[in-house]
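The values are calculated or read from the model by the stated rules, or taken from the named source; none is laboratory data. This is a predicted model, so every value here is computed, not measured. Don't worry about glycine lacking a Cβ; one is built from the backbone with ideal geometry, like all the others, and counts go over all protein chains shown.
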Amino acid sequence: MTKKYHPLKKSKINKHTNKYFRFWHRKLGILSVVFVIMLSITGILINHSHTLSLDSKKVNLAWLLDDYGITQPAHMAIYQTKPLIASSDNFIWIKDSPPIEADMMISAIISFNDLFIAITPQQLYLISQKGQLLEQQDDTLGLPQDIENIGQDGQLWLKTANGYFTADSDLIEWTKASPLIAISWVEPLPAAQVEQQLALISLKARSTHLTWERVLLDVHSGRFFGPLGPWFMDLVAFALIIMSLTGIYLWQSTKKSRTNKRKNIKHYHE
């Protein structure tokens, strides 16, 4: 014989199940609400990151850069403060313009006529007064190699491991020569005199490695909160799944209960 459940017993089971599901539905909802809001906000911002320029806007908060382990440049130098001429590793900083990234560490920067000129051991960069890169020279254009410093005496000079070289008026051809008068070689300003500017350059240089879009992506995925962050966000996602399933069950159960009540009322009046 097929076992049949008594209607009252079945009703008690349904009430117990509903009570159990309702308890966890509420608890998980309360625990998840903060993370749901966070996921929603970060998701919207990520979706519009290009429109809001978050994919290019740099993070300049020192504590956040520290949290990402982004350290200050190994080599920084200030060559002039008004207007600002500085370098940090392979970045060239001119006034408030975006930095120019070189292929190697910057050795020196000099202001010459209406140009700024930066050197690395193997390259030379011609930069406009507005901080825009105009030209890059290397050995393929006849630039001397193993450059140690740059200076001027009315003409532009390079000091290299192979001797001294001077440029023509167009800064195109370099000729090996011996200076007849003392050359004013470039020297960075003493660090004690430009501590504030060095701190500013350090923060700017560090910020080039991190955008706000990256931070939002890490918060959204949980990576921002450390190695266990993604696993925790997985638990939040699992909690939302449970909330959805229990919500559907409770809705169906309530709907069925209301339907039965209407039927009973209708049957009673009949």
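Considering each residue of the range 99-114, count those that are part of a loop (DSSP other than H, G, I, E, B) and without any contact (Cβ under 8 Å) to a residue 60 or more places away in the chain, and give that number.
Total meeting the criteria: 8.
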Flag if Leu217 is outside the structural domain of Lys82 (by TED's automatic domain parsing) and in contact (Cβ under 8 Å) with a residue 24 or more places away in the chain
yes
Only one of Ser221, Ser202, Ser169, Ser207 is of a type in the set (Ser, Thr, Tyr) and more than 19 Å from the chain's Cα centre (by Cα); which?
Ser169
Is it the case that some residue within the range 6-18 is of a type outside the set (Ser, Thr, Tyr), at pLDDT below 80 and in a loop (DSSP other than H, G, I, E, B)?
yes
Top-ranked residue in the range 51-82 [being touching a Pro at 6+ places or on another chain (Cβ under 8 Å) and among the hydrophobic types (A, V, I, L, M, F, W, C); ranked as surrounded by the fewest Cβ atoms within 10 Å (Cβ to Cβ)]
Ala77
All but one of (1) touching a Ser or Thr at 6+ places or on another chain (Cβ under 7 Å); (2) touching a residue at least 60 places away in the same chain (Cβ under 8 Å); (3) within 30 Å of Ile147 (Cβ to Cβ) hold for Val59; which doesn't?
(3)
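Within 29 Å of the chain's Cα centre (by Cα), modelled with pLDDT under 90 and outside any helix (DSSP H, G or I), is that true of Asp96? First the steps, then the outcome.
Working: within 29 Å of the chain's Cα centre (by Cα): yes; modelled with pLDDT under 90: yes; outside any helix (DSSP H, G or I): yes.
Yes: the conditions hold for Asp96.
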Suppose the filter is aliphatic (A, V, I, L, M) and either modelled with pLDDT of 90 or more or in the same structural domain as Tyr79 (by TED's automatic domain parsing) (or both); does Ala237 pass it?
no
